[in-house]
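Working notes, structure below.
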Amino acid sequence: LGTLDLPEITETPSTQPNALTEYRLELHVGKQRVGVIARISDELAETHDLRAPLFVAELNADVLFACAGKDNNVRYAPISRFPAVDRDLAVVVPDTQPVGPLLATIRQAAGPLLQSVRVFDLYRGVRIEGGQKSVAFALRFLADRTLRDEEVDGRIKKVVKALGRDHGAQLRA
């Protein structure tokens, strides 16, 4: 979707189960709904003898293209002459905490030096209390100069503080 030059897509979680879905994310560009991503309900999966979780996505192409910028040509950016700084961060949150708001908080708290953030691990089990989960993020920082460790460490501290304040997240030991 990046080549469509869309404004940022926001996710609104819904944990209200229904006959078809266990939980879902409503996708919006501004106030316009562009689609939904959902996990099929356990009951429906069991009825059809599905052994693994099944996810579905529905996107409204007409709305996506209407929201897209007029110039939909692929754009290339030169590779930076400066090295990116990669950091991993794992936090423990309540099991019911959706990941989308955590990503939004990370983007906001990390500021403009954050080039990308993605989830690379979700863990429940040994050394994680019941009702909790560990979510691990890969963060990449980049600037038009060489970043110092102190700068990136300061951004990570802001991210950890914001995740704790806004979502009750604790740094995983």
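The values are calculated or read from the model by the stated rules, or taken from the named source; none is laboratory data. The model shown is predicted, which means the values in this text are computed figures rather than measured ones. Here the Cβ positions follow ideal geometry from the backbone for every residue, glycine too, while neighbour counts run over all protein chains shown. The accessibility values were calculated without ligands, DNA or RNA, using every heavy atom of the protein model including side chains. Shrake-Rupley method; radii C 1.70, N 1.55, O 1.52, S 1.80 Å.
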- request: Scan the stretch 31-44 for residues that are open to solvent by less than 60 Å² (accessible area, probe 1.4 Å) and either within 15 Å of the chain's Cα centre (by Cα) or under 26 Å from PRO101 (Cβ atoms) (or both) and jot them down.
  value: VAL34, GLY35, VAL36, ALA38, ARG39, ILE40, SER41
message: Where the second residue is open to solvent by 40 Å² or more (accessible area, probe 1.4 Å) and basic (Lys, Arg) and the first is farther than 20 Å from SER80 by Cα and lies in the stretch 146-162, which pairs have Cβ atoms under 8 Å and are six or more apart or on separate chains?
response: ILE156/ARG87
- line: Expected single match for modelled with pLDDT under 85, assigned to a loop (DSSP other than H, G, I, E, B) and aromatic (Phe, Trp, Tyr) among TYR23, TYR76 is TYR76
message: What pairs come out if I take residues in the stretch 78-102 that are over 10 Å from GLN132 (Cα atoms) and pair them with residues that are open to solvent by 60 Å² or more (accessible area, probe 1.4 Å) and acidic (Asp, Glu) whose C-beta lies under 6 Å away, six or more apart or interchain?
response: GLY100/GLU11
- prompt: Is there a residue in the stretch 1-18 that is modelled with pLDDT of 80 or more and over 29 Å from CYS67 (Cα atoms)?
  reply: no
message: For the stretch 98-114: of the residues being open to solvent by less than 30 Å² (accessible area, probe 1.4 Å) and not aliphatic (A, V, I, L, M), which is modelled with the lowest pLDDT?
response: GLY100
- line: Taking the stretch 122-157 and keeping only residues that are assigned to a strand (DSSP E or B) and open to solvent by 60 Å² or more (accessible area, probe 1.4 Å), one is left with LEU122, TYR123, ARG140
task: Determine whether the stretch 48-66 contains at least one residue that is in a loop (DSSP other than H, G, I, E, B), modelled with pLDDT of 85 or more and closer than 18 Å to PHE137 by Cα.
output: no
